[in-house]
Amino acid sequence: MRTEQLVDLVRERPMLALAAAGAFGIVLGGLVFSRLGRLLFIAAAGYVANELWHREGRLGIDNVIERLSG
């Protein structure tokens, strides 16, 4: 479709254009961004865990038990 045809279609049938845009948004949001959101969350959690690991230093299990019990 050319741009002029698309503009005419939106002017003639605005509810159809709105429904098509909503359906496209649902599909895009459900399929693409949910996976992307999970990937970004996992990447951020890994980064934070890595930074905490390096900032706090490697703790032996004895040190962890001592901190938790004391």
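Readers should treat all values here as calculations from the given coordinates under stated rules, not as data from a laboratory. Fair warning: this is a prediction, and the values are worked out from it, not measured in the lab. Cβ atoms come from the backbone with ideal geometry, glycine included; neighbour counts cover every protein chain shown.
Structure notes:
- When the chain is reduced to its Cα atoms, the Kirkwood hydrodynamic radius in Å: 17.0 Å
- In the chain the longest region clear of trypsin sites (Lys or Arg not before Pro) that are loop-assigned by DSSP and have at most 14 other C-beta atoms within 10 Å covers 3-57.
- Full extension of the chain between Leu39 and Ala23 gives 3.4 nm of extra length, using 0.36 nm per residue less the Cα-Cα distance.
- Burial ordering of Asp62, Asp8, fewest other beta-carbon atoms within 10 Å first: Asp62, Asp8
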